[in-house]
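Structure first, then comments.
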Amino acid sequence: MNVIRRFPFWNTLLLFATLGCTSVFAQDDTVRQEVITESTITTNGKTTTELKSPPASAISPTINTSNSDLCTFGVAGAVQTQILGISTGTQFTDENCERLKNSKTLYDMGMKVAAVSLMCQDKRVFDAMMNAGTPCPYDGLIGNEAKMAWEAEKLEEETVSVLGVEMDEQTQDTAKASGGVMGLLALLLLL
């Protein structure tokens, strides 16, 4: 004990250590009250919901042309705006395809001249036949007789076209002359 009295520092340290290790309890002085509140809320309002949706789509019609025996092809299209949608479709006939099918059918039935004549309706085939020295049939004529008939027809067409151009020039000159005479008569009437 004497050691403790001699050293007042140690006494102070011991006091703080004792106080620091002990728990300090405080008394809770809060008052608890229970409050019951009653409230009524009345809400009046108007709710409007506006839905904006795009117009229905314009869908173009489908045209089935997958059958290989048909000589038609389909074309379809559609346009859609915010207000109006339009769609349309149609089909076109391929005349060359029809010509080939008809020619093959005629050839298969033994009508070879008719099949060649039908093919000759295409200018490319006609020119190829003439260049090959096997002219297209002409009114039942074949070979050299058909070639002479085609050349005669060509010469006749050239003659008509040359005369037709000359007649058009003469008609124009006559119209100019008669227009001048009519203008002169109208001027004399005014005097």
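Going by what's in this entry, would D139 be described as without any contact (Cβ under 8 Å) to a residue 12 or more places away in the chain, more than 42 Å from the chain's Cα centre (by Cα) and over 30 Å from T62 (Cβ atoms)? Yes; evaluated as a whole, the condition is true for this residue.
Selection within segment 42-98: residues that are charged (D, E, K, R) and either surrounded by 11 or more Cβ atoms within 10 Å (Cβ to Cβ) or assigned to a strand (DSSP E or B) (or both). The member of this set that is modelled with the lowest pLDDT is D94.
The values are calculated or read from the model by the stated rules, or taken from the named source; none is laboratory data. The structure displayed is predicted, hence computed values, not measured ones. Quick reminder, even Gly has a Cβ in these numbers, built from the backbone with ideal geometry, and neighbours come from all protein chains shown.
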